[in-house]
Amino acid sequence: MDNCKKFNSQINRISGQVNGISKMIDSGRPVSEIVNQISAARAALSRLAVDLLKNESSACFSQEQVESQQKKFEELVTNFFKIT
């Protein structure tokens, strides 16, 4: 996978966010702040999933097909993750 380094970087950031959430809970931070961080971590996971799917799509289709349908595919995947 060409983008392993990018994906691992995203995963490391998400891991840091989740560890931060744990520390926030331990230190008694307000629930509203904790929920905000949970929301941010979920959004980061969704972005990672979209990026992984985009990467995989280029392996499944010819480069010409990917380029001609890229915007539609990105919109489809983004909208899918909004409802899940």
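The values are calculated or read from the model by the stated rules, or taken from the named source; none is laboratory data. Predicted model only: the values in this text are computed from it and were never measured. For neighbour counting, all protein chains shown are included, and Cβ atoms are generated from backbone atoms with ideal geometry for every residue, glycine included.
Things to note:
- Taking the stretch 14-48 as the range and being at pLDDT below 95 and of a type in the set (D, E, K, R) as the test, the residues that pass are Arg42, Arg47.
- Hey, Val18 more than 12 Å from the chain's Cα centre (by Cα), aliphatic (A, V, I, L, M) and within 24 Å of Lys82 (Cβ to Cβ) or not: yes
- Scanning the stretch 49-83 for residues that are within 17 Å of Ile14 (Cβ to Cβ) and either modelled with pLDDT under 75 or outside any helix (DSSP H, G or I) (or both) gives a single hit, Phe81.
- Contacts under 8 angstrom Cβ, first residue in the stretch 69-80 being closer than 9 Å to Lys54 by Cα, partner charged (D, E, K, R), 6 or more apart: Phe73/Lys54; Glu74/Lys54; Val77/Lys54
- Of all residue pairs spaced 6 or more apart or on separate chains, those with beta-carbon atoms under 8 Å, a first member in the stretch 5-21 that is in a helix (DSSP H, G or I) and a second member that is surrounded by fewer than 12 Cβ atoms within 10 Å (Cβ to Cβ) and of a type outside the set (Phe, Trp, Tyr) are Phe7/Met1.
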